[in-house]
Amino acid sequence: MSQSSPVIGPAGTTGPVGAVVSRMRALAAVLPERDGVAVFNRVYLTVTEDIDRRLGAGEFPDPRAAAALDVRFAERYLTAIDAAEADLRPPACWRPLFQLRHHPHVRPLQFALAGVNAHIGHDLALAVVDACRTVGCEPADLADEFDHVGEILTALEEQVREELMPGPDLLQLADPLTHLLGAWSLERARDAAWGAARALWALRHSPDIAEEFAERLDAAVGFAGRLLLTPLAC
């Protein structure tokens, strides 16, 4: 996606971030509401629109670096969407969501968190490396932007849990969903993503080792996603 020519999207979004916002809005318009990918897409669209708004308001210390990170991050998700639509194999981290997106016994909150797990656990680390190459910097130079995006994601996760969590009359202590939610942490996933990004950057001159590292990360995140999507009795 070119960063040189603005792309004007709905509601006034412009530039490369506006382009990915437009793509997510287009997905939201055609995906069935109960589709697991649609559930995650709504969550991620909210995040990306918020980041786009904050970029326009000058809230990021380095807007160019923040935009590069956001766009490279979003492109990882959209590439997985394209692969699934073309009947190709998306990265392992995304496969559970695409495979179980219509399962009647997987709850909306599970779909949302499985998508967040794939995107944060795997895509974010690679996006940091992609953004560093785009901007011409080191991961340490993106630390402020990474943390700022992380704060937005943390606030969103709380909102998602509030909106998609079953009511207290339905969610009892013994409900398996409570155990699934307790086993996954956005904060831990963010910390792991930052560590993985630094490792991948350090391995950038050893492409075979870097590729193996990324593949193992992809597989591990995919395994966690499959657990998050364990079908539960409704």
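Scalar couplings 3J(HN,Hα) for the stretch 29-43, obtained by applying the Karplus form with A = 6.51, B = -1.76, C = 1.60 to θ = phi - 60°, are 6, 10, 7, x, 4, 7, 4, x, 5, 5, 4, 5, 4, 4, 4 Hz; x denotes Gly and Pro. By the gyration tensor of its Cα atoms, with a ≥ b ≥ c the square roots of the eigenvalues, what is the shape of the stretch 78-154: rounded for a/c under 1.5, prolate for a/b over b/c, or oblate? Here the stretch 78-154 falls in the oblate category. The order of the peptides 202-213, 219-230 by mean Cβ neighbours within 10 Å, most packed first, is 219-230, 202-213. Per-residue Karplus couplings for the stretch 62-67, computed as 6.51 cos²θ - 1.76 cosθ + 1.60 with θ equal to phi - 60°, are listed in order as 10, x, 5, 5, 5, 5 Hz, Gly and Pro entered as x. Whole-Hz Karplus values for the stretch 128-140 come out as 4, 5, 4, 5, 4, 5, 5, 7, x, 9, 9, x, 4 Hz, taken residue by residue from phi with 6.51 cos²θ - 1.76 cosθ + 1.60 and θ = phi - 60°; glycine and proline positions read x.
Were the residues from Cys137 through Glu187 laid out at 0.36 nm apart, the gain over their Cα-Cα distance would be 15.5 nm. The alpha-carbon atoms of the stretch 1-150, seen along their principal axes, cover 44, 32, 26 angstrom, with the largest extent given first. Computed on the stretch 18-117, with alpha-carbon pairs under 8 angstrom and 6+ residues apart, the relative contact order is 37 percent.
Taking all protein chains together, His122, His105 sort by accessible area into His105, His122, largest first [probe 1.4 Å].
The values are calculated or read from the model by the stated rules, or taken from the named source; none is laboratory data. Since this is a predicted model, take the numbers as computed values, not measurements. Cβ atoms come from the backbone with ideal geometry, glycine included; neighbour counts cover every protein chain shown. Side chains included, ligands, DNA and RNA excluded: accessible areas come from the protein's heavy atoms. Shrake-Rupley method; radii C 1.70, N 1.55, O 1.52, S 1.80 Å.
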